[in-house]
Every structure is written in C-alpha cells, then in structure tokens.
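Structure first, then comments.
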Amino acid sequence: MNPIQLFDTASSSYTYVLFDTTTRDAIIIDPVDTQLERDLQVLRDYGLRLVLALETHAHADHITSAGLLAELAGAKTAAPVYCGISTAAVQLKDGDTLSFGAEQIRALHTPGHTAGSMCFVWRDHVFSGDTLLINGCGRTDFQSGSAAALYHSLTQVLFKLPDDTTVWPGHDYQGKTSSTIGAEKAGNARVAGKTEQEFIAIMDALQLPPPKRIAEAVPANLKGGLRHDAPPANSLQVQSATGYAGDISAALAWAWVQSGEAVLVDVRSDAERAWVGFVPDAPAVAWKQWPGMVSNPNFDAELLAAVPAGKKVALLCRSGVRSIAAAKRATELGLEAYNILEGFEGDPDTHAHRGHLGGWRRHGLPWRQS
Ligand SMILES: [Fe+2]
C-alpha cells in the first residue's frame with residue numbers, strides 16, 4: 001500500500017496522507033496552508049479520521065496548515081522537538097513512534113537541512129522531508145543547517161535503511177514522485193560516492209537565493225502555521241475572510257452585542273470558561289470538549305438554538321483559531337458568522353503564558369470569573 005501523495009505547485013511541496021485501512025485513522029505529513037480545502041476533501045473522499053498532523057521541520061518555503069487541521073479535523077499536531085515549533089502537541093524525539101489505528105510511524109532525527117529536521121519511517125517507506133530529495137538534498141545554508149550534519153544523516157541514518165525502502169521526498173522540482181534508498185545510495189549526484197569533504201564543498205558552492213517566503217513562513221510555522229494578523233484592537237472594520245462573513249475585533253463584537261445586532265457565542269470548552277473566565281450572558285456552544293478535546297457532536301443543533309433568526313453570530317474561542325473553524329461551520333449552517341480575532345486570551349507570550357498579548361480580557365471588555 002502506498003501513501004496518498006499530494007502536490008503544491010506554488011512551492012513544489014509534497015504532502016502525504018497515510019491511513020489504517022481498517023480503522024480509517026489517518027496522518028498527514030507536511031500539509032500546506034493553501035491546500036487546506038483540498039486536503040480536507042481528500043479526507044472526506046477516503047472516509048478518513050485525521051489523528052495526527054506531522055511536520056518534518058519548520059519550513060521556509062510554505063506555511064503549514066497543521067494548526068488549522070487540528071481545529072478543523074481534530075488532529076493532534078506533532079513536530080520534531082528541536083525545531084522550536086512550540087504549539088505542536090507532540091514534541092518528537094529520535095526513535096519516537098506514533099500510532100494511527102494499528103499502523104505505526106517512527107521518527108528519525110536527521111539534522112542537516114535544519115538542526116531539528118526529521119524523517120519518518122512507515123513500513124518500507126521513508127518520508128524524507130528536505131533531508132533527502134530525489135537525486136538531491138535540502139540546502140544547508142540557513143536555519144541552523146549544516147552540510148557536515150546532513151552528510152552524516154544521509155550516509156549513516158537514511159542509507160542504513162533497507163535498499164528497497166521507498167523514498168517519498170518533501171519536494172521535487174522536476175515532476176519525480178518517489179525513489180528508493182538503494183537508487184539514491186548508488187546515484188544521488190550530491191552524495192553518492194562522495195567523501196564528507198567533497199559533499200561539504202558541493203553544498204558550499206551552491207550559492208542559492210533565499211527562499212521567497214522565508215521571512216513570513218518560518219515565524220508562522222513555529223506556531224503551527226497559525227497567523228493572527230489582527231487589526232488594531234479597537235478597529236470597527238470587518239476584515240474579509242474565506243468561508244465565513246469576516247474577522248472582527250473584540251471591540252466590534254461587543255458593539256454588535258450591545259446594539260442587539262449579533263449574538264456572541266463562546267465556543268471554548270466548559271473547562272476553559274470555568275478556569276479562565278467568561279463573557280457574561282454569552283451562550284456557550286463548545287466546539288470541542290475537555291477531556292481529550294473531542295468534537296462536540298451537538299455543535300450544530302446547539303448553535304442554531306442559540307442564534308435567533310436574523311441575527312449575526314460572533315464566535316469567541318481562546319485565541320481566535322477554533323472560532324475560525326466554528327465560523328466556517330456556522331456559515332455552512334446558514335448563519336452570518338464572524339470570527340473574533342485574538343479570542344478570549346490572545347496568543348501565548350515568550351513564556352507560553354496567555355492573556356498578555358491581546359484577547360477579549362486584555363482589551364478591557366466585560367468578563368467574569370466563575
Ligand atoms: Fe525545508
């Protein structure tokens with residue numbers, strides 16, 4: 001059985017979906033933000049339940065959709081621990097295995113392209129990220145890259161896998177889709193038959209221009225691809241969005257609630273509202289519930305019951321991400337739905353504490369502790 005291989009033309013990136021044929025539990029490797037709808041459709045077409053979204057490294061050439069997939073499809077996010085992707089629920093170390101149904105995938109730490117980069121082994125397949133490409137390899141000239149480390153990862157880690165292991169790369173620029181460890185060991189132009197010094201000289205001589213999107217992609221990818229390009233906290237403008245009526249500030253949401261134009265629906269879990277605080281009189285319709293953050297099976301019915309006909313709905317979550325998923329769903333249910341930017345608590349600060357970087361509470365809007 002082969003993985004499902006998906007391609008993003010803009011960044012020449014491959015995304016992979018693997019699944020257990022019995023339980024239909026699936027994982028996705030290196031999903032791309034602009035392909036989110038395609039990937040969700042693939043999951044629906046195959047009847048899959050996404051349990052994990054995995055990153056091989058913090059990409060510099062595209063933004064991941066892992067954070068959104070966590071909200072929209074219920075997946076857990078997993079990333080190499082040395083990549084600094086602080087939002088990933090599972091921080092992978094060398095040799096860690098992850099299960100989906102009865103299937104297992106194993107993480108191999110393969111530094112070189114970046115210091116944290118990993119490859120993933122599933123059955124007789126390896127997902128080689130940007131460590132090993134077909135007849136090539138990832139660059140090593142930025143993001144803590146190291147040609148010496150990459151030489152070691154290629155020759156001492158990946159080339160120790162059985163020769164008939166299928167190699168599924170993170171990119172290809174010539175339309176090639178897969179290779180084998182044996183073929184790359186014998187013929188890869190960068191590394192086959194080369195000494196470490198020769199390999200380092202080849203990598204040093206590449207002189208590549210920086211990736212086009214590095215300045216925006218790396219910071220976004222360190223947070224699972226979640227972006228909070230919020231307008232000023234008090235902006236009363238609706239920002240356009242895809243899949244729902246728009247993004248709004250907490251201030252605009254509160255103005256609408258006071259004028260009776262909108263109902264504010266809190267989509268956080270019961271536990272979050274109880275621990276952190278809540279907006280008085282805002283109906284609570286959890287998108288997911290603690291423990292386990294499983295999707296609320298009654299979301300649709302509860303939401304429709306909470307919003308009177310003719311009113312807008314403004315959706316509030318912790319940091320403005322779950323509320324995007326909820327706003328999309330509300331739109332599908334026929335509501336005029338808005339996402340409240342920054343949520344109740346805003347983004348985590350450098351100490352991973354929330355509440356100091358924006359959010360409903362920080363902006364001084366009414367809230368109560370239970
Ligand atoms: Fe990369």
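The values are calculated or read from the model by the stated rules, or taken from the named source; none is laboratory data. Every value quoted in this text rests on a predicted model; they were computed, and no experiment measured them. When we count neighbours, we look across all protein chains shown, and the Cβ atoms used for this are built from the backbone with ideal geometry, even at glycine.
For the reader, a short list of remarks on this structure follows.
Here is a yes/no grid of residues against (1) touching a Leu at 6+ places or on another chain (Cβ under 8 Å); (2) under 27 Å from Leu161 (Cβ atoms); (3) buried (at least 18 other Cβ atoms within 10 Å of the Cβ); (4) assigned by TED's automatic domain parsing to the domain that holds Trp287:
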position: Leu48; (1), (2), (3), (4): no, yes, yes, no
position: Ala58; (1), (2), (3), (4): yes, yes, yes, no
position: Leu68; (1), (2), (3), (4): yes, no, yes, no
position: Gly74; (1), (2), (3), (4): yes, no, no, no
position: Ser99; (1), (2), (3), (4): no, yes, no, no
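- Whichever residue in the range 127-148 is polar (S, T, N, Q) and within 11 Å of the ligand (Cβ to nearest atom) and, among such residues, is farthest from Phe159 (Cα to Cα): Gln143
- The listed residue being surrounded by 18 or more Cβ atoms within 10 Å (Cβ to Cβ), basic (Lys, Arg) and more than 15 Å from the ligand (Cβ to nearest atom), out of Lys176, Lys185, Lys160: Lys185
- Residue match in the range 49-72 (condition: within 18 Å of Pro3 (Cα to Cα) and in a loop (DSSP other than H, G, I, E, B)): yes
- Residue under evaluation Leu154, criteria (1) under 22 Å from Lys223 (Cβ atoms); (2) surrounded by 18 or more Cβ atoms within 10 Å (Cβ to Cβ); (3) within 16 Å of the ligand (Cβ to nearest atom), criterion not met: (1)
- Identity of the residue in the range 169-219, of a type in the set (Asp, Glu) and at pLDDT below 95, that ends up farthest from the chain's Cα centre (by Cα): Asp204
- Qualifying residues in the range 60-81 (those that are among the aliphatic types (A, V, I, L, M) and under 17 Å from Leu18 (Cα atoms)) - the one nearest to the chain's Cα centre (by Cα): Ala66
- In the condition set (1) among the hydroxyl-bearing types (Ser, Thr, Tyr); (2) assigned to a strand (DSSP E or B); (3) in contact with a helix residue (DSSP H, G or I) (Cβ under 9 Å, 6 or more places away or on another chain); (4) farther than 23 Å from Thr180 by Cβ, Thr87 is compliant with all but (2).
- For Tyr338, the conditions (1) at pLDDT 90 or above; (2) farther than 23 Å from Arg368 by Cβ; (3) buried (at least 17 other Cβ atoms within 10 Å of the Cβ) all hold with the exception of (2).
- Selection count, the range 101-126, where residues are closer than 17 Å to Leu161 by Cα and of a type in the set (Gly, Ala, Ser): 1
- Residue count, the range 238-253 (criterion: touching a strand residue (DSSP E or B) at 6+ places or on another chain (Cβ under 8 Å) and surrounded by fewer than 22 Cβ atoms within 10 Å (Cβ to Cβ)): 6
- Residues within the range 101-126 that are among the small types (Gly, Ala, Ser), closer than 15 Å to Val157 by Cβ and more than 16 Å from the ligand (Cβ to nearest atom), tallied: 1
- His125 being touching a residue at least 60 places away in the same chain (Cβ under 8 Å) and surrounded by fewer than 24 Cβ atoms within 10 Å (Cβ to Cβ): yes
- Residues being among the charged types (D, E, K, R) and closer than 25 Å to Asp8 by Cα - total across the range 144-189: 3
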